[in-house]
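The values are calculated or read from the model by the stated rules, or taken from the named source; none is laboratory data. If you're wondering where the values come from, they're calculated on a predicted model, not measured in any experiment. No Cβ is skipped: glycine too gets one built from the backbone with ideal geometry, and neighbour counts run over all protein chains shown. For accessibility, only protein heavy atoms count, side chains too; no ligands or nucleic acids. Shrake-Rupley method; radii C 1.70, N 1.55, O 1.52, S 1.80 Å.
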Protein chains: 2
Amino acid sequence: MNELIDHRLRRSWTAEAADAAQLPARAAKWLEQRIGQMAPSAAPSAELTVKIPSSNLAESAVEALSEVVESANVLVDDAARLARATGLSYLDLLRRRSADAGFPVPDAVVLPADPDEVQAVLDACVKHDVGVVPFGGGTSVVGGVAALSGEKTSVIALDLVRLDALVSVDTESRIAVLQAGVRGPEAERLLGERGLTLGHIPQSFERATIGGFAATRSAGQASSGYGRFEDMVTGVRLATPRGEWKLGVAPASAAGPDLRQLAVGSEGALGVITEVSLRVRPAPPVKRYEGYALSGWEAGAAAVRDLAQNHVLADVTRLSDVDETEVSLALNAGLKTTALRKYLAARGVRRPCFLIVGWEGTAHDVAVRRRETTRRLKALGAVRVGKALGESWRHGRFGGPRQRDMLMDRGVCVETLETATYWSTVDELRDDVRAALTASLGRAIVMCHISHAYETGASLYFTVLTARDEADPVGQWQRAKAAASEAISGLGTISHHHAVGVDHAPYLSAEIGKLGVEVLRAAKSAVDPTGILNPGKLV
Amino acid sequence: MNELIDHRLRRSWTAEAADAAQLPARAAKWLEQRIGQMAPSAAPSAELTVKIPSSNLAESAVEALSEVVESANVLVDDAARLARATGLSYLDLLRRRSADAGFPVPDAVVLPADPDEVQAVLDACVKHDVGVVPFGGGTSVVGGVAALSGEKTSVIALDLVRLDALVSVDTESRIAVLQAGVRGPEAERLLGERGLTLGHIPQSFERATIGGFAATRSAGQASSGYGRFEDMVTGVRLATPRGEWKLGVAPASAAGPDLRQLAVGSEGALGVITEVSLRVRPAPPVKRYEGYALSGWEAGAAAVRDLAQNHVLADVTRLSDVDETEVSLALNAGLKTTALRKYLAARGVRRPCFLIVGWEGTAHDVAVRRRETTRRLKALGAVRVGKALGESWRHGRFGGPRQRDMLMDRGVCVETLETATYWSTVDELRDDVRAALTASLGRAIVMCHISHAYETGASLYFTVLTARDEADPVGQWQRAKAAASEAISGLGTISHHHAVGVDHAPYLSAEIGKLGVEVLRAAKSAVDPTGILNPGKLV
């Protein structure tokens, strides 16, 4: 575990340094032309010593927790606490590059072995009035794992890494029960041994956990085919300060409001998710990914809307706008970009927007569905780019965070944000967010893509690159994020799949109403009367 | 309106008496062989005078409500009050056949014109401490509109019939906003003028309302294609004692729990739904329904499971068990049943289970999807019965309630109940419910069908026919219903699409946990601190 912790301090991702994306000289030059001169800063070294405040956890609480999980699983050393102090937002990474911890650090890390121990840990925390931050993969980009203590004098990070089991599989009902701490790849490995897959592949896949997916209403890159994570959840088991809570007895129900949908997205504020029952599918023997190009954003978005409203979305359907397509052409040395541009221009695509489409299933299923999708795509003016683009995206799709580390080393301010809205508002929302970011940041590349489409609307995912303001890097992004959030609020949701955490909490009331916030607070009071659960998050 | 009220007193359905199903002599004889001698009772006459208690609503409250909606829309006469006193369960209908109202009656009926007036009515009811039962189509079969006053001294029926407008249509996003009082046929007419459809066709379609569909998590007969009602809801507008509450800014969101799914299914206990934003679709130019037969329940259920898990369910997919198939053959004089039995037996189907499959869409879409469904059905041993069976079901599908009136006139105890569970439990749950009903009722026909299938499970819908116990007709059904509910509780949901109301409230805690009930109560307290909303329902 120490190796992992060191690694987390140094880089935001677990992959080997050798795998890290490299920025070709040509791409770096191109980037500087677009966003101006950058001031490279060395990557934080593995030996970086970060000063953190000493643990404030009362000795009696340490003893009580040690009784529950054995003392080896109550960690109070600096490295363990620091490793669970932040998520992976740009601001988190910025702060982690400093020698002074400008962020709260949990007073201890507690590692329960199973749902019963999680419950016992909560009981002890209630008794000793200790705040509890549930910790899964630590991939939150909205401050969801920030070690805020609220009104408590101490707070623990409740790391669920030991809840790593596949509990049961019901092959007839196609339901698997997984413990909350199982990470994406391990979930696929455990299910794959039984010929099954979950099909939930968000960019955080390599590190994020089943519990985290559920707590944040995650959406994977193949959500058009496999559904959002909440669509997969058939049941949830939570530990709460008032005892265990189990939900989910049928695929659908009219027995009052669907409380599963209250547990899913509760971000650790209504309970600690310990197990999740999930709809699974046979592992697909065939995966086919390919690329198309459409001319301009409007044509691209119209095509995705057409596919969604005619129920022929590919399992993966992802449309990049002109800027994102330009950047991927500029940064990707693998594609013969000049020839490709000429090829597309000859077919009327002068401002290309790349569309990645991917199908997974049996050969028959993929063939039938691909035929229907491509039939419509051709009618909509899409030009086939070929398998290489699809496969290139598929193999590079977890590379974002690594690329981000590398860009940060070179002095780039790089971050993403996302929203969703109804189709008739998609263009306005995209324009407004781009304008807000550009107005705040000055010279910046603002890219956008649709990665999740619905009959009634779509997500918009923005990636921003600008030269880091070395005088005030934190303020630079905070202002830009606030401007973007203001632009989003009222036109779309403040988050389509990143959750609320700390960063989006100020905008929740505008979205669900003051009554909505009061209902969430009332629900929280019912299950967590003393407010130990994830203080300062969600509500 | 008086005509409607009289009609409701006489028959449970609004259709003309001439349309009412007739029981052929041959069918009556067959029925008597199965369930024994019955004691026919005359249908209640239109002149039936039911004694009801006088209104208990304070004069000051009447005045305050009259100020909001004008006095013509505050009805305190017996007929108006009686017409909103019950729903359409078998027990409701039994009670309505008596001259003494053995059920609570609202103290007044209030008819607001729009969402603002609904809000003002609630404000007045808070001030005067009057209970409020929201009333849509009055089709609840679980006591959802029972005029319980709880701790209040008076209760009004808030009839939403005047909220009958199509508020707006966003064709690009395929969203229509409908007011809560719009009935099924009117919703389809309003949308049909714009070339659109909602596609929500439950058996209550002819009378039930948009608000009622949302409040009860309704599921239509084409839910496999169009989704359950909650799947169609993109936004909800509610009036609550704490003011208006609007939800829904995007097709999907990670901004905390999905509170739309708390509003949907709230059964008038968390607010009065005044408007619903709904995903709509183009009206399908082609509708194709046909029938198949499978040999025995196990083969039939396995076929439906196969279709669901391979994503080739028809829009309507409905499997009858052997008993339901027998009854439909016996009661339906239109089908040449002897020839059909021979035809099926020659193809190995000796214990036929009818499967109705129906597709709606463009000709191309229907052709493509039908090919995939029927390809699998044939591989699974299904024998095609033809279009006649499908069309016969489609044209008779709203006939159930009329048939029920007619059977009740002949001395039959006839009721339905429903549940849903995961596939691996479907057979056990069906067996247990059948056994419980038969043990309680003695000689009875217990039929079952699957009308809503999911990847992970299915609904089970039971129809019960037995000779009415004239000495204790209410107790006869109450005991049977309790036995069935006990059998359901723990194996499946207490309701797949009928909701909780009064009848299922005792079983809610077993399904969502004591904590779940407490969370609902806390949410209710947040929006309805004095408890005026639908007292005694849901929680």
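Descriptive notes on the structure:
- Accessible area (Å², 1.4 Å probe, nearest 10) - A:His449: 10
- Across the identical copies, the label point of A:Arg26 (7 Å from Cα in the Cβ direction) is separated from its matches by 8.3 nm, in order from shortest.
- Peptide A:435-444 - average C-beta neighbours from other chains (10 Å radius): 0
- Taking every residue in B:173-183 and counting other chain Cβ atoms within 10 Å of its Cβ, the average works out to 3.
- All C-alpha to C-alpha distances of the protein assembly as shown, sorted into 20 Å bins beginning at zero, yield P(r) values of 12, 42, 34, 11, 1 percent in whole numbers.
- Based on DSSP H segments of at least four residues, each scored -39500 (n - 2.57), chain A has a per-residue ellipticity at 222 nm of -11500 deg cm²/dmol.
- Electrostatic dipole magnitude of the stretch A:166-282 [Cβ: Lys, Arg +1; Asp, Glu -1; Cα centre; debye, to 20]: 60
- Scalar couplings 3J(HN,Hα) for the stretch B:220-227, obtained by applying the Karplus form with A = 6.51, B = -1.76, C = 1.60 to θ = phi - 60°, are x, 5, 9, 5, 5, x, 9, x Hz; x denotes Gly and Pro.
- Relative intensity of the stretch B:206-270 on a log10 scale, I(q)/I(0) at q = 0.18, 0.21, 0.22, 0.27 Å⁻¹, equals -0.69, -0.91, -0.98, -1.28, per a Debye sum over C-alpha point scatterers of equal strength in the absence of solvent.
- Exam field: A:Gln478 pseudo-label spacings to other copies (7 Å along Cα-Cβ), nanometres: 6.5
- Using the Cβ-Cβ distance between B:Ser71 and B:Lys127 with R0 set to 25 Å, the FRET efficiency works out to roughly 0.90.
- Qualifying GluC sites (Glu not before Pro) in the stretch B:48-81, DSSP loop, other Cβ atoms within 10 Å at most 14: B:Glu70
- Across the stretch A:369-376, coupling constants 3J(HN,Hα) worked out from phi with the 6.51/-1.76/1.60 Karplus curve, θ = phi - 60°, read 6, 4, 4, 5, 5, 6, 4, 6 Hz, and Gly and Pro carry x.
- Tail fraction, Cα-Cα pairs, the stretch B:286-395, threshold 18 Å, whole percent: 44
- The solvent-accessible area of B:Trp30, taken with every protein chain present and a 1.4 Å probe, is close to 50 Å².
- Partner shielding of A:304-312 amounts to 3, given as the average count of beta-carbon atoms from other chains within 10 Å of each residue beta-carbon.
- Dimensions of the stretch A:388-539 along the principal axes, based on C-alpha atoms and rounded to the nearest Å, stand at 51, 43, 32, largest first.
- Percent antiparallel among DSSP beta bridges (both partners in chain B, rounded to 5): 85
- More than 19 Å apart - percent of Cα-Cα pairs taken over the stretch B:230-315: 60
- Alpha-carbon Rg/Rh ratio, for chain B, with Rh computed the Kirkwood way: 0.96
- Between the listed residues A:Leu262, B:Gly358, A:Gly536, the Cα displaced farthest toward the positive end of the dipole of the protein assembly as shown, a dipole computed from Cβ unit charges relative to the Cα centre, is found at B:Gly358.
- Positive-end extreme of charge dipole, the protein assembly as shown - chosen from B:Leu340, A:Ser224, A:Leu65 (charges on Cβ): B:Leu340
- Comparing A:Val109, A:Gly386, A:Ala176 along the charge dipole axis of chain A, the residue lying farthest to the positive side is A:Gly386, per the Cβ-charge model.
- Label-point distances for B:Ala99 to the equivalent site in the other copies, using a point 7 angstrom along Cα→C-beta, read 9.8 nm when ranked shortest first.
- Student exercise, the stretch B:244-306 dipole from Lys, Arg, Asp, Glu Cβ charges, in Debye to nearest 20: 280
- Hits among lysines - C-alpha to C-alpha of B:Lys127 under 21 Å, sequence gap 8 or more where chains match: B:Lys152, B:Lys524
- Restricting the stretch B:110-193 to GluC sites (Glu not before Pro) in coil, as DSSP defines it, with at most 13 other Cβ within 10 Å: B:Glu151, B:Glu193
- Cα-centre dipole for the protein assembly as shown with unit charges at Cβ (Lys and Arg positive, Asp and Glu negative), debye to 20: 4380
- Global geometry of the stretch B:61-217, whether rounded, prolate or oblate, following the gyration tensor of its Cα atoms and the 1.5 cut on a/c: oblate
- Sequence-separation-based contact order of chain B, relative, with Cα cut under 8 Å and 6+ spacing, percent: 17
- Ordering B:453-459, B:294-300, B:488-494 by mean Cβ neighbour count within 10 Å, with the highest value first, yields B:453-459, B:488-494, B:294-300.
- The stretch A:197-255 and the stretch B:494-517: distance between their alpha carbon centers, rounded to Å: 23
- Cα-based equivalent ellipsoid of the stretch A:408-495: semi-axis lengths in Å, sorted from largest, via gyration tensor: 25, 12, 10
- The B and A chains share an interface that buries close to 6100 Å² of accessible area, total over both sides, probe 1.4 Å.
- Per-atom-type breakdown for chain A gives carbon and sulfur 50% of the accessible area (1.4 Å probe, protein chains only).
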